[in-house]
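J.: What follows is a structure written as structure tokens; I'll ask about it next.
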Amino acid sequence: MGDHIVTLNAGSSSIKFALFALDGGPWPRQVAIGQVEGIGVAPEFEAKVATGDKVKRRFEGAAAPKTHDAALEIIIGWLAETFPGAKIVAVGHRVVHGGPLYSAPILLEPAVLKVLETFGPLAPLHQPHNLAGIAAAGKAFPGIPQVGCFDTAFHRTQPFVQDTFGLPPQYYEEGVRRYGFHGLSYEYIAGRLAERDPAAVRRCVVLHLGNGASMCALRDGQSVASTMGFSPLDGLAMGTRCGQIDPGVLLYMMQQKGMTAAEISDLLYKKSGLKGMSGVSSDMRDLEASDAPAAKQAIDYFVARIRRELGALMAVTGGVDALVFTGGIGSNSKTIRARTLEGMEWAGIVLDRAANEARAEVISAPGTPVTVYVMQTDEEAMIARHTVRVAKLVTPALADA
Ligand code: ADP
């Protein structure tokens, strides 16, 4: 079956994976995608192969993986069983934080891993899990190159005024900066837009609206500003995260309500956003289907923040030639797209209602100044492409070129 790459995205209680074949075109071809969820709790394994087949398994009792190592063993076992003869030649990892240092993907050698550990305090909820996934993969695939692809790297092109806070410089020096996240998604979309509409990458805003949600302003295909900041809490309201908040609120919580850092973190990351505001769900489909006034309010707030950030980012780019909606909500919710763009004719943004209803690729009215796209993002594909390049793998198509 030839050479293959595995991509891994290890979270606190899940490992997402994909298998790519290096067999034809210039890019790796995805042949399977899946995840183990609920590690240490009630684990479930789900995978889908390119032929459309789906597999779902639940693990109970002694069979339940309690660690990332054990979850990865399940994934590797399934891959070996389902794709016998697939030779794994490299593993690509999604790593949340590349700190101020890494602006590109890198081979995960021991010295690099040591540096990545030092970024742990910058992303305590994510980085340790990413590193656990890398360690588990190192054991499972000894001697095979592993590549780290950072969610922050794409934003390292932002100018100082966009990645600093108004604090004394010592904080900037020690890494207290706006890093932005979802970088692999933005990089993928920037590439697709450059192919589809080369002139539009000059000035555009990409809206990645999923369970985690953010927006990014691009100039000439490079990130110049983003709504997520030092942490993935900033900017838009999300499934369970609050989005932008006045730091004075945190002081109030600590000083007046006596809340601990752990309690505040739990509130801001897990009990706020769509879930916290609505009291119904973190899932946009549930909110759209709900009659509860608080669900409506949560959606209203979600949209209002997107519109406000859109205005701000358009001011950074000096107007836009294109907007791109992506992520689970951006790709699928015609209501959120329509509400986001309502009354934006002043900015040259005119929605084609029929195209939006039909989920066409272009949903702006023909001949209007700003072309609005709906595109599916593919972070795994981006990791696989970086992995081929950084691990210096040669696909048959590249060898022929
Ligand atoms: P993640 O950030 O976890 O990758 P996704 O990009 O998959 O999340 O987005 C998940 C979100 O997309 C959920 O809020 C879900 O409700 C929403 N979503 C998916 N399909 C639809 C749909 N048809 N209409 C509205 N929202 C949708």
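The values are calculated or read from the model by the stated rules, or taken from the named source; none is laboratory data. The structure presented is a predicted model; accordingly, all values stated were derived computationally and were not measured. No Cβ is skipped: glycine too gets one built from the backbone with ideal geometry, and neighbour counts run over all protein chains shown. Ligands, DNA and RNA are excluded from the accessible area calculation, which covers all protein heavy atoms including side chains. Shrake-Rupley method; radii C 1.70, N 1.55, O 1.52, S 1.80 Å.
J.: Tally up the residues in the range 325-348 that are of a type outside the set (Val, Ile, Thr), within 16 Å of the ligand (Cβ to nearest atom) and open to solvent by 60 Å² or more (accessible area, probe 1.4 Å), please.
T.: So the answer is 3.
J.: Pick from ARG241, ARG192, ARG219, ARG196: which is touching a residue at least 12 places away in the same chain (Cβ under 8 Å), open to solvent by 10 Å² or more (accessible area, probe 1.4 Å) and touching a strand residue (DSSP E or B) at 6+ places or on another chain (Cβ under 7 Å)?
T.: ARG219
J.: Looking at the range 310-324, can you tell me whether even one residue there is touching a Leu at 6+ places or on another chain (Cβ under 7 Å), within 16 Å of the ligand (Cβ to nearest atom) and more than 18 Å from ARG203 (Cβ to Cβ)?
T.: Among the residues of the range 310-324, not one is touching a Leu at 6+ places or on another chain (Cβ under 7 Å), within 16 Å of the ligand (Cβ to nearest atom) and more than 18 Å from ARG203 (Cβ to Cβ), which makes the answer no.
J.: Look at the range 349-384 and say how many of its residues are more than 13 Å from the ligand (Cβ to nearest atom), assigned to a loop (DSSP other than H, G, I, E, B) and open to solvent by less than 10 Å² (accessible area, probe 1.4 Å).
T.: Matching residues across the range 349-384 total 3.
J.: Taking interchain pairs and intrachain pairs at least six residues apart, which have beta carbon atoms under 8 angstrom, with the first residue in the range 320-335 and without any contact (Cβ under 8 Å) to a residue 40 or more places away in the chain and the second more than 8 Å from the ligand (Cβ to nearest atom) and of a type in the set (Lys, Arg)?
T.: Taking only residues 6 or more apart or on different chains, the pairs are ASN332/ARG359; LYS334/ARG359.
Residues checked against (1) acidic (Asp, Glu); (2) at pLDDT 95 or above:
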position: ASP53; (1), (2): yes, no
position: ARG57; (1), (2): no, no
position: ALA63; (1), (2): no, no
position: THR67; (1), (2): no, no
position: ALA90; (1), (2): no, yes
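J.: Before we move on, is LEU207 at pLDDT 95 or above, more than 16 Å from the ligand (Cβ to nearest atom) and more than 14 Å from THR157 (Cβ to Cβ)?
T.: no
J.: Could I ask something else about it? Looking at GLN162 and the list (1) part of a helix (DSSP H, G or I); (2) free of Cβ contacts under 8 Å to residues at least 60 places away in the same chain; (3) of a type outside the set (Gly, Ala, Ser), which single condition is not satisfied?
T.: (2)
J.: I would also like to ask the following. Do we have any residue at all in the range 200-215 that's part of a loop (DSSP other than H, G, I, E, B), touching a Ser or Thr at 6+ places or on another chain (Cβ under 9 Å) and farther than 18 Å from VAL96 by Cα?
T.: No; the residues of the range 200-215 include none that is part of a loop (DSSP other than H, G, I, E, B), touching a Ser or Thr at 6+ places or on another chain (Cβ under 9 Å) and farther than 18 Å from VAL96 by Cα.
J.: Here's something else I'd like to know. Please give the number of the condition LEU193 fails out of (1) in contact with an Asp or Glu (Cβ under 7 Å, 6 or more places away or on another chain); (2) away from the ligand (no atom under 16 Å from the Cβ).
T.: So the condition that LEU193 fails would be (1).
J.: Based on this model, can you work out whether VAL147 counts as under 23 Å from LEU310 (Cβ atoms) and assigned to a strand (DSSP E or B)?
T.: Judged against the criteria, VAL147 is not a match.
J.: Also: Answer yes if at least one residue in the range 234-255 is within 22 Å of ILE349 (Cα to Cα) and of a type in the set (Val, Ile, Thr), and no otherwise.
T.: For the range 234-255, residues within 22 Å of ILE349 (Cα to Cα) and of a type in the set (Val, Ile, Thr): absent.
J.: Within the range 260-300, how many residues turn out to be outside any loop (DSSP other than H, G, I, E, B) and open to solvent by less than 70 Å² (accessible area, probe 1.4 Å)?
T.: Here the count works out to 17.
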